[in-house]
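Coordinate-derived values only; no laboratory data. Being a predicted model, the structure only gives us computed values, none of them experimental. A quick note on method: Cβ atoms are made from the backbone with ideal geometry, for glycine too, and the neighbour counts reach across all protein chains shown.
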Amino acid sequence: MSKDRHPSGAPWRNFYGRFRGKTIRAAQHDYLENDLAALSPGAVSWEDNPDRIPLDLQALFGGRDVWLEIGFGGGEHLVHMAETYPEVGLIGCEPFVNGVAMLLGKIRKAEVENLRVHPGDARDLFDVLPDVSISKVFLNYPDPWPKKRHHRRRFVTPEHLVPLHRVMRPGGELRVATDIPDYVRQTLEQVPRHGFDWLAERPHDWREPWKDWLSTRYEQKALREGRVPHYLTFHRL
């Protein structure tokens, strides 16, 4: 077995965030036990899909355009998009189980049917997404990893951007929302290097949110603390 492989065959991938918080309420246990499996996009894990067979998005969404939200937090933006665009299929990716449980509760309440959930690392999902299959991607308030020595842990690095480019359709839209100026800097340095074009022409284009934007609890916290949101839009070349 190669030293850079897990016994399951998966590549060794460091994960630096949290998988679980201190408390999961009884109702959230119910969502996880009874709703999550039915909302899975398919076999994503290496244990279930060691040959990394691509997901059948046609079977999942019936030929709809497919959008992806990476790190959906509590899920409010993802459910909002599912309600606003019922003609689109959405996949949400989030490794933090408490956030997954919160999303499942929102899905049950909203009764949206065009949404699937991957409760894990986005890199594992990229492995099994077909080439040029995703037409829009949301990265809202990603973990800022503020210490300089941790910047390599941010999403806007080659480890994530190379496979992201592969799975996105030419002309597909990538949206990045963040309140961290240095995250803006790294995003504007790295994302265009990996096959994306920044669409801003004037300050309004990154200072004002998208017309269909739903302000999340993370953004509201940033605003209360005096931080300024930035809204960056890219097209996949």
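Summing charges over all other residues whose Cβ lies under 15 Å from the Cβ of LEU199, with Lys and Arg as +1 and Asp and Glu as -1, gives +1.
Which of LYS106/LYS147; LYS106/LYS136; LYS109/LYS221; LYS106/LYS211; LYS106/LYS221 have a Cα-Cα distance over 27 Å?
Correct reply: LYS106/LYS147.
Excluding the sites themselves, what is the longest stretch of the chain that contains no GluC sites (Glu not before Pro) in a DSSP loop with at most 12 other C-beta atoms within 10 Å? Mind dumping the intermediate values first?
Details: sites that count: GLU47, GLU87, GLU111, GLU113, GLU201, GLU225.
Looking at the chain, 114-200 is the longest stretch - no exposed GluC sites (Glu not before Pro) with at most 12 other Cβ atoms within 10 Å.
Using a Debye calculation, one point per C-alpha and no hydration shell, please list log10 I(q)/I(0) for segment 79-183 at q = 0.10, 0.15, 0.16, 0.20 Å⁻¹ in order. Debye output, listed in q order: -0.32, -0.72, -0.82, -1.24.
For segment 65-131, pairs of C-alpha atoms spaced more than 19 angstrom apart make up 26 percent of the total. Compactness of the chain, taken as the C-alpha radius of gyration over 2.2 N^0.38 Å, stands at 0.99.
Within a Cβ distance under 12 Å of VAL44, other residues only, what is the Lys/Arg minus Asp/Glu net charge? Show your work: numbers first, answer last.
On the way: positive: ARG52, ARG116, ARG123; negative: GLU47, ASP48, ASP121, ASP124, ASP127.
Once positives and negatives cancel, what remains is -2.
At q = 0.11, 0.15 Å⁻¹ the log10 of I(q)/I(0) for segment 115-237 amounts to -0.37, -0.72, computed by Debye summation with a single uniform scatterer per C-alpha, solvent ignored. Quick one: among ARG224, ARG108, ARG166, which has the greatest mean-square fluctuation in a GNM of the chain with alpha-carbon springs under 10 angstrom? Residue with maximal mean-square fluctuation among ARG224, ARG108, ARG166: ARG224. Distances between placed amide hydrogens fall under 5 Å for ARG116 paired with LEU90, ILE91, GLY92, all partners being 5 or more residues away or on another chain. Taking a Cβ cut-off of under 11 Å around MET168, the surrounding Lys, Arg, Asp and Glu residues balance to a net charge of +2, with basic ones at +1 and acidic ones at -1.
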